[in-house]
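Only one structure is covered here, and it is reproduced in the block below.
The values are calculated or read from the model by the stated rules, or taken from the named source; none is laboratory data. Just so we're clear, the structure is a prediction, and the values are computed from it rather than from any experiment. Cβ atoms come from the backbone with ideal geometry, glycine included; neighbour counts cover every protein chain shown.
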Amino acid sequence: MHEFKICGPALDDGVPIHIAVAALDNFQAVVDKSYLVLAGAKRMSAKDREIFQLRAKTFERGSLLTQFEIALSGMQLTLPFISSFGPQNLWDYTRDAFSFLTNVCGAVQNNEKPTYTFSNDGDVNVQIGDTVHHYNGPVIQIGELALPSYQKLAHLIEPQRLSEISAKPSDQKVPDLYIGPNDRNKFDIPTRIEKETRAIDCEIYDFNKYKNAGRLSIKQPGQALAQGDYAFEIFGSQDHVEYIYSMLKPQVRLYCLVEMESNPFGEDKVYKLHVTGVSP
């Protein structure tokens, strides 16, 4: 049996359902990623959900303290990384992925770039400064998949409302997963905006006039940015009408500043484009 706990002033007089649902939903998503990687699946299907569930057994008042079990049943799976697959395996990998993300996200926030050395047996050494952390191969995959859900969990923290999110085996005192009052930004990835304006030929296929933001696709190779889809927002107080009209064209030329993300899992990547202008 394991326990998942959230607590804080917002729970002193009952549990706000929207907070409980958000916390439980993102915690489920975190553990789902361990299942998906270990089961060799890409997404949770209805069949996968029949096989794998977190089942709440009891709830305690004063905080939201949920006693739950990891239920696995009827498995017919090919598991490339481990010879046996059970609730303890799944929890161990979830715990280790949390530790991994804590280390690499903390590193990039301190302007340190983790380096990865993969061995023939699938294990990984992650070096941060002079410190080397050793992980089993699936931990890296699980961590990368689970990062958005951990970010959402951490962003629920507001010390005046919610001060702790944690999980552990019920017979253990120290949490395996702990997000405390100072950890709201624990898993945030820093970004930087480049100074040089780039010109790109692309198709704008989505635009929200209320947010002045959308998505575009670069289809021609050999440009300032690689082929692919990118999120963008209009820089400054430009009129959005011209961008709406641009959606009618198969291709437009945009000028933009590139916001790069300090990717903790490898090479830095484009986070967002800030469009400074469009050719008439």
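Test D32 against the stated conditions and say whether it is under 19 Å from Y150 (Cβ atoms), surrounded by fewer than 16 Cβ atoms within 10 Å (Cβ to Cβ) and in contact with a Ser or Thr (Cβ under 9 Å, 6 or more places away or on another chain).
No.
Please identify the pairs in which a residue from segment 251-280 that is closer than 22 Å to P190 by Cβ and not assigned by TED's automatic domain parsing to the domain that holds Q109 has its Cβ atom under 9 Å from the Cβ atom of a residue that is assigned to a strand (DSSP E or B) and among the small types (G, A, S), counting only partners at least 6 apart or on another chain.
If the second residue must be assigned to a strand (DSSP E or B) and among the small types (G, A, S), the pairs left are C256/A199; C256/G277; V270/G228; V270/A231; Y271/A231; K272/A213; K272/A231; L273/A231.
From the list K195, K209, K249, pick out the single residue that is at pLDDT below 95, in contact with a helix residue (DSSP H, G or I) (Cβ under 9 Å, 6 or more places away or on another chain) and basic (K, R).
Selected residue: K209, the only one of K195, K209, K249 that is at pLDDT below 95, in contact with a helix residue (DSSP H, G or I) (Cβ under 9 Å, 6 or more places away or on another chain) and basic (K, R).
Just to verify a result, which residue in segment 221-276, among those that are under 19 Å from K195 (Cβ atoms), aliphatic (A, V, I, L, M) and in a loop (DSSP other than H, G, I, E, B), is farthest from the chain's Cα centre (by Cα)?
Filtering first and then ranking leaves A224.
Just the residues that are surrounded by fewer than 17 Cβ atoms within 10 Å (Cβ to Cβ) and either of a type in the set (D, E) or part of a loop (DSSP other than H, G, I, E, B) (or both), please, taken from segment 166-182.
Hits for segment 166-182 are S170, D171, Q172, K173, V174, G180, P181, N182.
Among K168, K152, K173, K211, which is the only one that is free of Cβ contacts under 8 Å to residues at least 24 places away in the same chain and in the same structural domain as D96 (by TED's automatic domain parsing)?
Numbers: K168 fails: free of Cβ contacts under 8 Å to residues at least 24 places away in the same chain; K152 fails: free of Cβ contacts under 8 Å to residues at least 24 places away in the same chain; K211 fails: in the same structural domain as D96 (by TED's automatic domain parsing).
Just a single option satisfies the conditions, and that option is K173.
Residues that are at pLDDT below 80 and not assigned by TED's automatic domain parsing to the domain that holds M260, at least 2 per element: which strands (runs of 3 or more DSSP E) completely within segment 31-130 meet that?
Numbers: elements: 52-60, 64-72, 115-118, 124-128.
Ranges flagged: 52-60, 64-72.
Which residue is farthest from P280 (Cα to Cα), if the candidates are limited to segment 254-264 and must be hydrophobic (A, V, I, L, M, F, W, C) and buried (at least 17 other Cβ atoms within 10 Å of the Cβ)?
That would be V258.
Out of all the residues in segment 220-241, which are surrounded by 14 or more Cβ atoms within 10 Å (Cβ to Cβ) and over 13 Å from L273 (Cβ atoms)?
Within segment 220-241, Q238, H240 meet the criteria.
Could you tell me which numbered condition G143 fails, if it satisfies all but one of (1) assigned by TED's automatic domain parsing to the domain that holds L65; (2) touching a Gly at 6+ places or on another chain (Cβ under 9 Å)?
(2)
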